[in-house]
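Below is one structure, written out as structure tokens; comments come after it.
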């Protein structure tokens, strides 16, 4: 429970309307009640603004001019919404508890106020920083080093030797530090290359549910600070990802690729191994990157959706495209002669 | 063990041949023995019909005219096969058992005849309906509400507050209710938006192995009744999926997408966020949907497979396609003048 | 610790330089110290050869001619590196241990020197071969049969009845033997087809982290010997994969597809159901295979990456491709007349 005025002060923002309005939670414009605060960031939802019942709305100054109700004014309503939602969502801290069913090796070192859920495993020589929370069924491998305030959710697995910074969030079912896919072909079959590196995650990284990040083959797989990975992503061995880069669900990054800082990688995109992508690059959804990208910007590859009947005809022609282009060249020459 | 005649009666179907033939299990046409029943639904397997050793075969009336052996007659042999296979596969009900190693909070409420596997976790205030079966290592979060006759398989995770209907099947390693991927970009990095909604699954939903369904950001992520998801699928926060829609493996649905009823989404397809797909839509495998679909039908995008040598030439031209089209326009104009 | 000379002898190779150089581990050319051995396989890293501090380098004879330092000579440096890395990575065998928190049914049969990690589950009638290692939280289902020297990593799940050969490696979070996706559409909804087959894995198979392999619908899903699957792969029911075939991350193989021996399937590729791919086929990354492949070779489909602005123009034309081709045909006819 906080008043609009208090909220404005805490966020160093101005407001319009009744500053004494009390707000207890966040909601969408459509569903908000009188004690809730909403926001407008996506213009597609502008139609809901006039009829919202929200106690206050986070708006740009320009939008606020067209709105009579209570508003918190910011150039970036979405970021302010994020901060406000965090503030209103704070639950009273639970007392840290080590569940009696957890299997913790005596040589593991737990910091102050660490919580460990039911049936979690902490292997020998692991170090878990202050105030970390390990959910039910989490497995922390031998010699893992984890900073402070990490949140490792249900069933997440961190394999031996991996190194996590502070405030890292690992979502359920994620696997950090499985073997990379390193195989050499001998006459009679594949020979496995021992994967002796680890995974290093910087501060404030987030790893989505069922995402996998492989350990390095010789050197390490390294994510910088504030790298955010959605669910079902695969990061191959020895990949390096720069600070603040973000990847949507189901991205696949092959071994030894290097991705710069502040990149946005769209859902289902693929990045082949041993290439570099420069800082500030955006890759659109389901695009395959096969070469270095040296110039920041937005890149796309996905073929456009079409009615299947039309697609069938076009797909036939796509296979003849080089031929068609050559015929166009010839005709042009003929016409110009 | 059931006779062909009894089977026909139970399914309200007619049969041809010896109704006293006893049948104990199902098999393919190729491998079936005299006490097994098979079916023919895919014309590609018609060649196996004449030589089958099956005790009976489920056939359309038209096909049965060309077959001398015992047959169960139906317009839809595949559906009848499904019902018959279920009937013949019924194992004698095991006595419900709570494994002594399961970690169940005292405030959790378990219905009648609930089974809980070894080392499963049921958190505080969770409600598990009658006859639910929870496999080994299943984790049920705080306050989860689960209907009757659900089957939650090995190592599946249902996070706090999620709501499941009756007869929901969750396959191994699936994660229901992880945080959605909600981040706002501030000057110095990403700010996490608390994900305060849950996941609601209707009756008869099925969630594949290692599939992930994120909880809503503010409101809920909602799947209707009889939604069937294969393995390795990612469903983003606040997605809504209509009744009877089915998705093949590795589909990715981004946040706030709305998918209608009775849709078929092919394997590896991608659906971007904040769009709508109408009832009865089919999306072919590995197609990316980037806009609303307002007309039911089949849609495709995936580029056609080619020998790599040819593909290289065509790929160069694909990048020049707009130029080629403009040159065609110009030539046409010249020719028509 | 081994000398270059001893290493050469053990690998049946020749060397150049000081055979008494002692080597204790492997490293990259860039980072290697005087007691480490490196290799050069990828020409892109040739630039690092002249300045390497490595105690020895594995090189082809041709490369060794241009290198003054110690070298181990082989036609296939990468394979030799794999063998050498395995040799130098051998850790002293830990004593086999059954962790006291593991839940093992009395009827399960464990071979000699089997290790079982904390909170692992072995169900009734499972057979685990000599020297198998089961990590923390592994679940082995009822009646599973596992050969010798398998390595089942943290949290991997092998469902009831599945059959594993010798030396199989299953990485964390993988699910072997979940139900296949078998559903028949009845008037009022989907009817589930019982999945009564199992998964069979040959000797020396490797299954990546969070990869899923479904059990067969009636018959089995079968992987031959030395099949290597990376992470996040989905293998549908009744798929068959030949010996030595290898798949990179995020591949999806739909039900009843048959893939030959010695195939290479690139990351994110998709293979539709009920098709056959012949021995020795290479499928490039993110390509969709929709028809049988009867001729060995390399195949591609992924659309080429372009700046998004250019892509938008080309995507419009891609939808008009058949029309453009028809117009080219007409013009050509006109010009030839």
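Some notes on this structure:
- Ascending list, in nanometres, of distances separating the residue C:20 label from those of the other copies (7 Å, Cα toward Cβ): 9.3, 9.3
- Distances in nm from residue C:292 to the matching label points in the other copies, shortest first (labels 7 Å along Cα to Cβ): 4.5, 4.5
- Shortest first, residue A:319 label-point distances to identical copies amount to 2.4, 2.4 nm, with the label point at 7 Å from Cα along Cα→Cβ.
- Counts of other chain beta carbons within 10 angstrom of each beta carbon in peptide A:291-303 average 6.
- Segment C:132-268: antiparallel DSSP beta bridges as a percent of all, rounded to 5: 10 percent
- Using a simple spin-label model with pseudo-atoms 7 Å out from Cα toward Cβ, residue C:22 and residue A:6 lie 6.9 nm apart.
- Spread of Cα-to-Cα distances over 20 Å intervals beginning at zero, given as percent, for the protein assembly as shown: 13, 42, 34, 10, 0
- Computed over chain A, Cα set: Rg, Dmax in Å: 25.6, 88
- Listed residues C:186, C:113, C:65, most fluctuating in chain C (Gaussian network, C-alpha, under 10 Å): C:65
- For segment B:103-299: relative contact order, % (alpha-carbon pairs under 8 angstrom, 6 or more apart): 10 percent
- Average 1/r across all pairs of distinct alpha carbons in segment C:2-89, invert it, and you get the Kirkwood radius: 12.3 Å.
- Label point 7 Å beyond Cα of residue B:335 along Cβ direction - residues of segment A:283-327 with amide nitrogen under 15 Å: A:324-327
- Cα gyration tensor shape for segment B:103-299, rounded if a/c is under 1.5, else prolate or oblate: oblate
- Segment A:22-84 versus segment A:190-236: alpha-carbon centroid distance in Å: 38 Å
- In chain B, the DSSP-assigned H stretches of four residues or longer account for a calculated mean residue ellipticity at 222 nm of -4500 deg cm²/dmol, using -39500 (n - 2.57) per stretch and the full residue count as denominator.
- For chain C, the relative contact order is 6 percent, taking Cα pairs closer than 8 Å that sit 6 or more residues apart in sequence and dividing their mean separation by the residue count.
- Label-point separation in nm, residue A:327 to residue B:50, each point 7 Å along Cα→Cβ: 4.4 nm
- Cα gyration tensor shape for segment A:154-256, rounded if a/c is under 1.5, else prolate or oblate: prolate
- Counts of other chain beta carbons within 10 angstrom of each beta carbon in peptide A:280-288 average 6.
- Of all DSSP beta bridges confined to segment A:1-89, the antiparallel ones make up roughly 40%.
- Considering only beta bridges that DSSP places wholly inside the protein assembly as shown, some 15 percent are antiparallel.
- For chain A, modelled as a GNM whose springs connect Cα atoms under 10 angstrom apart, the maximal fluctuation among A:91, A:287, A:107 occurs at A:91.
- Under a Gaussian network description of chain B, with springs only between Cα atoms under 10 Å, the residue in B:167, B:228, B:326 that fluctuates furthest is B:326.
- When only Cα pairs below 8 angstrom with a gap of at least 6 residues are kept, segment B:141-237 shows a relative contact order of 25 percent.
Read the figures in this text as sums done on the coordinates, not as results from a lab. All values reported here derive from a predicted model rather than from experimental measurement. Cβ coordinates were reconstructed from backbone atoms using ideal geometry, including for glycine residues, and neighbour counts include every protein chain displayed.
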